[in-house]
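The block underneath contains the structure these notes are about, expressed in structure tokens.
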Amino acid sequence: MSTTFIRNHQFNVIKKQSEFLLKTLRTVADRRVLETVRFSSVANIMDTFPSLTEDQKRMLGEVSTFERAEDFERYLNDLEPYLEPFPTITPKQIQKLFPKNKKLKLPDLTSIDFRYVTYLGWVDIASNRLFIVYPFEGRFIGIEGRITPTNKKGYCLFCNRHQELALFSVKTKPSGASADNLSAISHYVCLESQGCNHSITDTTALEKFILSASK
């Protein structure tokens, strides 16, 4: 059985570097430029992993040897068994993360391919609320807030892609403040969490927002 070691956001980096390298191969004739791009693509992939075994480095580094679209496609397919899925979570676990929401609308967990999930996000259209669940240091963190569509495109805080955004506002309780003295943290994020998950390549901004909003 394959040992999983590639998280969703890391796989997105690999895909983007593969796509960029293939595009370069199709549009650039200078061999020196191509070799530079091959080298930088591998470096960018390696940089997204805190640690790798020699076998894992060799496997990921194969991207620099390809010439054809089918080679890159096969490479990505061959990496799928090594994807580390979002940790198993049950509806009851999700409900416990949002104890004040007695009418919590749960996502259909059976329809989700958790290999391609960095954070679990869903919108309750009836209440205009976005719910996010994220695994952090062996536990799940859940945050919820009001989602307000902007009908404008911009760059999502989480995945940094240019997409139609919504303002996500989460009420927080500053340290030492009373329950009546709440503040809010707001940022623009993707309206559609699935597409965001397919694009996110770095969890830094996501984690910073979630940790700040969950205080």
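A few points about this structure:
- Check on Ala43, farther than 20 Å from Cys159 by Cβ, assigned to a loop (DSSP other than H, G, I, E, B) and not basic (Lys, Arg): no
- Residue count for segment 165-215 satisfying the condition of being modelled with pLDDT of 95 or more and loosely packed, with under 13 Cβ neighbours inside 10 Å: 2.
- Of the residues making up segment 134-161, those that are open to solvent by 100 Å² or more (accessible area, probe 1.4 Å) and closer than 20 Å to Asn12 by Cα are Tyr155, Asn160.
- Members of segment 16-60 found to be surrounded by 18 or more Cβ atoms within 10 Å (Cβ to Cβ) and of a type in the set (Lys, Arg), listed by number: Arg38
- Test result for Gly142, among the small types (Gly, Ala, Ser), at pLDDT 95 or above and touching a Cys at 6+ places or on another chain (Cβ under 8 Å): no
- The residue that is most open to solvent (accessible area, probe 1.4 Å), counting only those in segment 67-77 that are closer than 23 Å to Thr4 by Cβ and in contact (Cβ under 8 Å) with a residue 12 or more places away in the chain, is Leu76.
- Subset of segment 145-164 that is among the basic types (Lys, Arg) and closer than 11 Å to Tyr188 by Cβ - its residue that is modelled with the highest pLDDT: Lys153
- Qualifying residue in segment 40-53 (condition: closer than 26 Å to Ala213 by Cα and either β-branched (Val, Ile, Thr) or touching a Ser or Thr at 6+ places or on another chain (Cβ under 7 Å) (or both)): yes
- Selection of segment 23-57 for residues being under 26 Å from Thr203 (Cβ atoms), out of contact with any Gly (no Cβ under 9 Å at 6 or more places or on another chain) and touching a residue at least 24 places away in the same chain (Cβ under 8 Å) yields Phe39, Ser41, Asn44, Thr48, Phe49, Leu52, Gln56.
- The one condition from (1) touching a Leu at 6+ places or on another chain (Cβ under 8 Å); (2) modelled with pLDDT of 95 or more that Glu67 does not meet is (2).
The values are calculated or read from the model by the stated rules, or taken from the named source; none is laboratory data. Just so it is clear, the structure is predicted and the values come from calculations on it, not from any experiment. Virtual Cβ from ideal backbone geometry, glycine too; neighbours counted across all protein chains shown. Keep in mind that these areas ignore ligands, DNA and RNA; they rest on the heavy atoms of the full protein, side chains included. Shrake-Rupley method; radii C 1.70, N 1.55, O 1.52, S 1.80 Å.
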